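Below is one structure, written out as structure tokens, with a few remarks after it.
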2 protein chains.
Amino acid sequence: MEISAYLDRQKKRVDRALESLFEKELSREYSRLAEGIRYSLLAGGKRIRPVLALAAIEALGGDSESLVPLVLPLELIHTYSLVHDDLPAMDNDDLRRGRPTNHVVYGEAPAILAGDALLTHAFTLLSDPVYDKVATDSRRMEVVYELSVASGLCGMVGGQFLDIVSEGKALTLPELENLHCHKTGALLRASVRIGGLLSGATPVQMEALTRYGEAIGIAFQIADDLLDVLGTVEELGKAAQKDAGKNKNTYPGLVGIDGSRRLAEEKCKEAHEAVAILGQKGEPLALIASYIIERRN
Amino acid sequence: MEISAYLDRQKKRVDRALESLFEKELSREYSRLAEGIRYSLLAGGKRIRPVLALAAIEALGGDSESLVPLVLPLELIHTYSLVHDDLPAMDNDDLRRGRPTNHVVYGEAPAILAGDALLTHAFTLLSDPVYDKVATDSRRMEVVYELSVASGLCGMVGGQFLDIVSEGKALTLPELENLHCHKTGALLRASVRIGGLLSGATPVQMEALTRYGEAIGIAFQIADDLLDVLGTVEELGKAAQKDAGKNKNTYPGLVGIDGSRRLAEEKCKEAHEAVAILGQKGEPLALIASYIIERRN
């Protein structure tokens, strides 16, 4: 199996579904805000979170076709976090995926509101009665809980906060791991678990998906840090080495480049072992773990 | 029945329940963010949205005691909207309820994150499995949908956007009504409807609650505009006449003070008529409508 072709196919399914969001709002009196939302939502990206959810669904034999709309909230949450993260008061980034950031194009207030609308719409999608035949209320309620906990104060938002207050301070490895476990790990873990919830995973399967999700969460962040140190502007579509420029704590900074690579490979191995119990159908999940530590952008 | 005593009693129930939120996070590594969230959440205020929901629940004979946690999300959403609205990039307000605004005390980035966390936690509360005996998954799912639609792009967030782009522009009365129908009306309407959803309202009762909610939404905004024109800093706990100072569109500006009062009374009468079918138990809702147009802060 060719993982890049697999990822590309899954990404396209997600992209097509995302295209239809906020479309009818383009003809409303707040069309400019809908445009701003779509500017960031449809800016490309690997769609790794919804793709992970789809891979988990397929690993458990779930109907990934009908469930596509219910994994989009993961991408909405991820996109809102990028829009707010890029704001002048936060990371103050002008460039994202090779394009000017949302607030640069639409202004700061509309960017704050675009983020708020994306976050809110994640829960509209999950609760929309049009999907009540696709997944029961109970399952969708579990997804609402999983997603909101992972992205709230005790998850992503808490991690963003830790990131901000850690700037310029030297963190220990456990502190850095805790930061990333919240900032990026929580939503990646939730992505896989939401796939499990939507396809009725057994407790044992859920446990395997959770271990997998936690391992790739750390691997993902290490790979990101390595890319930032080793990558170029062309490859990344954003300013490289900006983390070091801001005195941000990174894995290479703490354990060196070779140490970071070893740690990423360890986590990748953990991820492989976790999904081994899913058999042949779990292969894409294993391959995604390898892809994550080998990716170039 | 004395409406101010009633409102005070209901507000205290809501306040007590809000006090317990984000409490254990005060001992976590992101305690400062939890403090910031509680600073705005526990800053007082009339708690009119959850109180409306409780009044609707009681009007339909629902168990308002056990349902208190499930009406708190309305106050979380309202509070997040104030925190984001006060930001320098938005309304740039330094004072709210007689105290410095969130970003003045905690900084801009933490204020953005506090708003994001409050918004997200609204959905954590609604989906928390500890409440699955209090209301069925189906009912809570309807509440998630009602709340997210009312507060998203086609509701409150869209209204905030219209408010921002309307500054300095002269609106017509229908345009002003549309703005407020989104910005404040949608969440007030949802407050009453959520009370209905949580207590299993019949379609006829739901229709009555909806008409009531729409009428008080407009009455509330007119009263707010009148207070801004006629009130003093002492009464409001915030800068008075700031709307006029910013060339904001208001009801008194468009139809005069007397015209605004007449319109508010009309809406109040509509609200009374709507809840008449609920009988004696609907009396608090009727009295709240009268209170809204007579309040002094």
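Values as computed for the structure displayed
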read-out	value
Ascending list, in nanometres, of distances separating the B:V229 label from those of the other copies (7 Å, Cα toward Cβ)	6.5
Too-long pairs where the Cα-Cα distance tops 23 Å, listed order kept, from B:K12/B:K281; A:K133/A:K281; A:K46/A:K183	A:K133/A:K281
For segment A:40-133, convex hull volume per residue from C-alpha positions, Å³	96
Shape category assigned to chain A from the gyration tensor of Cα positions, a/c cut at 1.5	oblate
Most mobile listed residue (B:G115, B:G44, B:G36) in chain B, GNM with C-alpha springs under 10 Å	B:G44
Relative contact order computed over segment B:168-225 (Cα-Cα under 8 Å; 6+ residues apart), in percent	44
Distances in nm from A:P174 to the matching label points in the other copies, shortest first (labels 7 Å along Cα to Cβ)	6.5
Inter-probe distance in nm under a simple model that places probes 7 Å from Cα toward Cβ, at A:T202 and A:E265	3.4
Given chain B, longest segment not containing exposed loop GluC sites (Glu not before Pro) (DSSP; at most 16 other Cβ within 10 Å)	B:30-166
Relative contact order (%) - chain A, alpha-carbon pairs under 8 angstrom, separation at least six	20
Segment B:149-201: C-alpha gyration tensor shape, a/c 1.5 cut-off, then a/b vs b/c	prolate
Residue of B:S148, B:S138, B:S199 that the Gaussian network model of chain B assigns the largest fluctuation, springs spanning Cα pairs under 10 Å	B:S138
Net dipole in debye of segment B:11-140 [+1 Lys, Arg Cβ; -1 Asp, Glu Cβ; about Cα centre; nearest 20]	420
Order of B:R97, B:R38 - criterion: other Cβ atoms within 10 Å of each residue's Cβ, fewest first	B:R97, B:R38
Isotropic mean projected area of the C-alpha convex hull, the protein assembly as shown (nm²)	25.3
Volume in Å³ per residue [convex hull over Cα atoms, computed for segment B:1-70]	81
For B:M1, A:M156, order by how many other beta-carbon atoms lie within 10 Å, fewest first	B:M1, A:M156
Segment A:277-282 - phi-based ³J(HN,Hα) in whole Hz, Karplus 6.51/-1.76/1.60, Gly and Pro as x	5, 7, x, 3, 5, x
Inter-label distance, nm, simple model (7 Å from Cα along the C-beta direction), A:L26/B:D132	4.1
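None of the figures in this text is laboratory data; all of them are computed from the coordinates on show. Keep in mind the model is a prediction, meaning the values are calculated, not measured. Here Cβ is always computed from backbone atoms with ideal geometry, including for glycine, and neighbour counts include all displayed protein chains.
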